[in-house]
1. Which shape class, rounded, prolate or oblate, goes with region 84-154 when its Cα gyration tensor gives a ≥ b ≥ c as root eigenvalues, a/c under 1.5 marks rounded, and past that a/b bigger than b/c marks prolate?
2. Is region 145-292 rounded, prolate or oblate when judged by the Cα gyration tensor, a ≥ b ≥ c being the square roots of its eigenvalues, rounded requiring a/c under 1.5 and prolate requiring a/b larger than b/c?
3. Translational diffusion coefficient, Stokes-Einstein: compute it for region 28-142 using the Kirkwood radius over C-alpha pairs as Rh, at 4 °C and 1.567 mPa s, and state it as an integer in µm² s⁻¹.
4. Quick check on the chain: helices-only [θ] at 222 nm, where DSSP H runs of length 4 and up contribute -39,500 (n - 2.57) each and the sum goes over total residues. Nearest 500, please.
5. Is region 246-347 best put as rounded, prolate or oblate by its Cα gyration tensor, with a ≥ b ≥ c the root eigenvalues, rounded for a/c under 1.5, and otherwise prolate when a/b is larger than b/c, oblate when not?
6. Which whole-number percent gives the relative contact order of region 229-343, counting Cα pairs below 8 Å spaced six or more residues apart?
7. Give me, ordered by chain and number, the residues 5 or more places off A228 or on other chains with an amide H under 5 Å from its own placed amide H.
8. Where does the chain land on Rg/Rh, using Cα atoms and the Kirkwood Rh?
Amino acid sequence: MTSEKEGKKKNFFSQNKFIILSLLIFAFIAFYPLPYYITSPGDARILDPIISVDGGDKDEGVFMLTTVSVGTANIPQYIWAKLSDYREVIPAEEIRAEDETDEEYNQRQLQMMEDSQHAATVVAFQQAGKKVDIQYHGVYVTGIMTGMPAEKKLKVGDKIIAVDRNTVMETKKLLDVLAPKKAGDPVELTILRGEKKMNVSLNIEQFPKKYIQDEGPKAGLGITSPVADVSIETDPKVKIDTSQIGGPSAGLMFTLEILDQLIDDDLTHGKKIAGTGTMDLQKNVGPIGGIQQKIVAADEAGAEIFFAPVEGDNYKDAVKAQKDIGSKMKIVPVKTLDDALKYLEKL
């Protein structure tokens, strides 16, 4: 009898061990992070509730920004993405800079979004002939290359306000000042780190081959994606609330929505118009990532028209995705804001 009880007890513990071991293995498979990110179609968000211009004109149609969902990969997600259409597996180093934390990456994306909003506001107000006052306060360090001079002396979030004691408040001016310098040249940066002002001495160095690929020798400090700290005063006032959406890819659509609210004409002509693309102060529309996934998101939201940047094969990839999913959405190629406006005039 005792032997039978002991046998049942051993069997009970053996079964429990098997269950616990199975759960541990499942948890490991399910949650073990891989050095990859998974991107998938996000959503298409109507911009009218996101952007508010005081006294702005309201129209029947809508402009929409499109997003891509990005998340770290585990084993099941990796397998699912490999077997799914419009889900992409991307090595972590192509999303985040080497040694960049998730927090630093998110901060960089939000900073780029803010820069995108500023450019869109300036361009829209100038296009509408409205008053806009721009003030530059320095250039943020939003990324640093491993192994380059900036890695030892600078931090993400530092704000550069001078180079070699000469005031530098804009991104373009910073790049123009550094461009002629060669490997070995000394550079003194004046920066703000929080409330503390300090001078930092560095030397220009050659970029490692992994950063320049086939472009030939290049030199620099190793600062990536610098973004200007800008304040803008407009009349009328503009409020943009994008919550935690990051990146610069909504620039074109921000510009169209702000302009649409500033003028009496209905740019949408009652249609649902989505799109993507960066916007600079010269009204150029730049390429973005995840265009095919954004086509899926826009189609699911019922968009009738989609503006796609010509550069970087964005337009070609957008047309390919549109045909692949059988969408009736019209894909419109754009190089500049004027291209989009000319198309809208013909609706």
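1. oblate
2. prolate
3. After rounding, the answer is 74 µm²/s.
4. Estimated from H runs of four or more residues: -11500 deg cm²/dmol.
5. Oblate, because a/c is 1.5 or more while a/b does not exceed b/c.
6. It rounds to 23 percent for region 229-343.
7. Amide H neighbours of A228, under 5 Å, 5+ apart: Y140, T171.
8. In the chain, Rg relative to Rh is 1.10.
Since every read-out is calculated from the coordinates, none of them should be taken as a lab result. As the structure is a prediction and not an experimental result, all values here were calculated from the model. Neighbour counts are summed over all protein chains in view; Cβ atoms, including those assigned to glycine, are modelled from backbone coordinates with ideal geometry.
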